Amino acid sequence: MAPPASLRDWIALLEREGELVRIDAEVDPDLEVTEIVDRTVKAGGPALLFTNPKGSRHPLLINQFGSERRMCLAFDAPSLDSVAAKLGDVLEMQPPQGLAEKVKGLKKLKSIADSRPKSVRSGPVHDVVLTGDDIDLDLLPIQRCWPGDPAPFITLPAVITHDPKTRTRNVGMYRMQKVDKRTTLMHWQLHKDGRMDYLATDGRLEVAVALGLDPVAAYSASAPLPKHIDEFMLAGFLKGEPVELVKAKTVDVEVPANAEIVLEGYVEQGDEAPEGPFGDHTGFYTGVEPFPVFHVTALTMRRDAIYPSIVVGKPPQEDAWLGKATERIFLPAVKMTVPEIVDYDLPVAGAFHNLCIVSIRKAFPGHALKVMHALWGLGMLSLTKGIVVVDEHVDVHDYAQVMFYVGANVDPKRDVHLTEGPLDHLDHAPTLQFVGGKIGIDATAKGPLEGTREWPPEIEMDAGVRALVDRRWAEYGLGGVDRSVDGARRSLRHLLRR
Ligand SMILES: Cc1cc2nc3c(=O)[nH]c(=O)nc-3n(C[C@H](O)[C@H](O)[C@H](O)COP(=O)(O)O)c2cc1C
Ligand SMILES: [Mn+2]
């Protein structure tokens, strides 16, 4: 088994697994789909394939990522942590000793070499090629998600650009507001690589937008990789198969050969127009700001192309699971830089950038502060508004446990640290956009070198007594009582419901 190779294989897999429902009734992509999906996501329901969206001949797929189980099916992995382990394995490679280790090492190196995208001559994405006046975005069932949105938005694209100087490819997921049949806007936020490519050109930047990829390639567009790393390489590594790319028809960009739909086109320096408002993953409408205008020069499709979409809004929504995938998959990379980190959790309710809970192996006075500042300097985590640091034995995914230590171990005057730094583009709370306050809470146990009184021991039952009670449990006649109330075993699903 391997992760699904295309959106169609993925849909077939979801159907076999009872994870997809087809809706044949005519449903309006204008708001009605959102209300259905919102209820379905919150109930932990299946992926939905709207076969008859009003005004379009193309089916609309949504909620493909909306549960932990589907996320694991997408990666063909037993858990998101096991996907992370694959990456951690490569990141932590040591010079091999002995033949067996060398062979294993070679296999790992091969998996890296094989992750490079592969160019192919043709692909089904070019079954239908529309250019000039034939281009018509109205063909697609693009959703208007929330009542305050002024237009339909493409919400699940993989936007492909190249750095004009280095030619490095970048793939990112950025919403695109429809302007007319051949034009959209491109919502490249301030800190994103796509915007860097745009700013680096002094004229025109060619862009291709792929819609309807296999789930791992689609996920990779949302992954916060450093600018010089091609997201399709991560996809190839995680799939164990290179992403196959074919030359686009009207721009010098390669596109996934078996994408359902591709929009080719360009943006130009200085050509911007008001974008928004948009009901966003922050749970609020983000305001109107100028963003680049994307002119479509070709619309190519598979025959009977399926259009993929996602709704973001007040959490939890489907994107919670894309975020959780990133949280898990990037843990080994975070640990590479800050090895004292044991685990971290970005609560869904915190829209990912508002709060990070991190557990550390504390080794010296001020260690929690060191880790806070490291995270505030690390990739997209630098935009995190609040950080809570706990000791290594605390389960960061068990929010009640974390609250216990925040309450018990914190002297607010000593352990709450306020500072400033860059903030998420969409954060409406800071007085200035993009920059403002940060809060760090050190909920670790303090030592005498940190100037505190002696820290009291925590209450813990004797291991011998625990084993004894385990052995004798049946004798007590308490069969109905769950004896394994253990935070660590609670699934992410429970955390979402909390
Ligand atoms: C459903 C969804 C929608 C997103 N929309 C946007 C967006 O409109 N603009 C943006 O800059 N980032 C958006 N993001 C986040 C980016 O995809 C993410 O930061 C990604 O790492 C950007 O790639 P880059 O770092 O290569 O620019 C979205 C993420 C998801 C999951
Ligand atoms: Mn990138």
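The values are calculated or read from the model by the stated rules, or taken from the named source; none is laboratory data. Remember, predicted model here, so these are calculated numbers, not experimental data. All Cβ positions, glycine included, derive from the backbone under ideal geometry; neighbour counts span all protein chains shown. Note: accessible area is taken over every heavy atom of the protein model, side chains too, but ligands, DNA and RNA are not part of it. Shrake-Rupley method; radii C 1.70, N 1.55, O 1.52, S 1.80 Å.
Computed over the range 152-217, the alpha-carbon pair-distance distribution with 10 angstrom bins reads 20, 52, 26, 1, each value a whole percent. Shape index of the range 78-162: Rg/Rh, with Rg the Cα radius of gyration and Rh the Kirkwood radius from the inverse mean 1/r over Cα pairs, equals 1.20. Could you work out the equivalent-ellipsoid semi-axes for the range 281-404, taking the square root of 5 times each eigenvalue of the Cα gyration tensor, largest first, in whole Å? Taking √(5λ) for each eigenvalue gives 35, 16, 16 Å, largest first.
May I ask what percent, to the nearest 5, of DSSP beta bridges between residues of the chain are antiparallel? Roughly 75 percent of the beta bridges in the chain run antiparallel, per DSSP.
In angstrom, the C-alpha Rg and Dmax of the range 198-353 are 17.7, 51.
Note on the range 338-488: Cα convex hull, mean projected area over all directions, 11.5 nm². Above 15 Å lies some portion of the pair distances; for the range 388-456, what is it as a whole percent of all C-alpha pairs? Beyond 15 Å sits 61 percent of the P(r) for the range 388-456. For Lys239, the aspartates and glutamates whose Cα comes closer than 14 Å to its Cα, not counting residues fewer than 8 places off in the same chain, are Asp9, Asp76, Asp114, Asp214, Glu231.
When only C-alpha pairs under 8 Å and at least 6 residues apart count, what is the relative contact order of the range 112-202, in percent?
Dividing the mean separation by the residue count of the range 112-202 yields 21 percent.
Give me D for the range 373-420 in µm² s⁻¹, whole number, from Stokes-Einstein with Rh from the Kirkwood sum over alpha-carbon pairs, 37 °C and 0.692 mPa s.
271
Close amide H pairs (under 5 Å, H built 1.01 Å from N) link Leu355 with Lys385, Gly386, residues at least 5 positions away or on another chain.
Residue farthest toward the positive end of the dipole of the range 108-234, with Cβ of Lys/Arg at +1 and Asp/Glu at -1: which of Thr166, Phe153, Pro215? Ranked along the dipole, the leading option is Thr166. When Rg and Dmax are taken over the Cα atoms of the range 12-96, they come to 17.4, 60 Å. Extension gain, Glu17 to Ile439: 0.36 nm times the residue separation minus the Cα-Cα distance gives 147.6 nm. Computed over the alpha-carbon pairs of the range 188-266, the distance histogram in 10 Å steps reads 17, 48, 33, 2 percent, short to long. Taking the Cα centre of the chain as reference, the dipole from Cβ charges on Lys and Arg (+1) and Asp and Glu (-1) amounts to some 1060 debye. Apolar share of the accessible surface for the chain: 55 percent from carbon plus sulfur atoms, 1.4 Å probe.
The residue list Val33, Gly55, Gly98 was ranked by how far each Cα lies along the charge dipole of the range 16-125 toward its positive end, using unit charges on Cβ atoms, and Gly98 comes out on top. Taking all protein chains into account, the per residue accessible area for the chain stands at 46 Å² (1.4 Å probe). Relative contact order, whole percent, for the chain stands at 14, derived from Cα pairs under 8 Å and 6 or more residues apart.
Per residue of the chain, the DSSP helices (runs of n ≥ 4 H) give a summed -39500 (n - 2.57) that works out to -8000 deg cm²/dmol at 222 nm. Less than 20 Å apart at the alpha-carbon level, and either on another chain or at least 8 residues along: which lysines does that give for Lys102? Within reach: Lys86, Lys110. All C-alpha to C-alpha distances of the chain, sorted into 20 Å bins beginning at zero, yield P(r) values of 21, 53, 23, 3, 0 percent in whole numbers.
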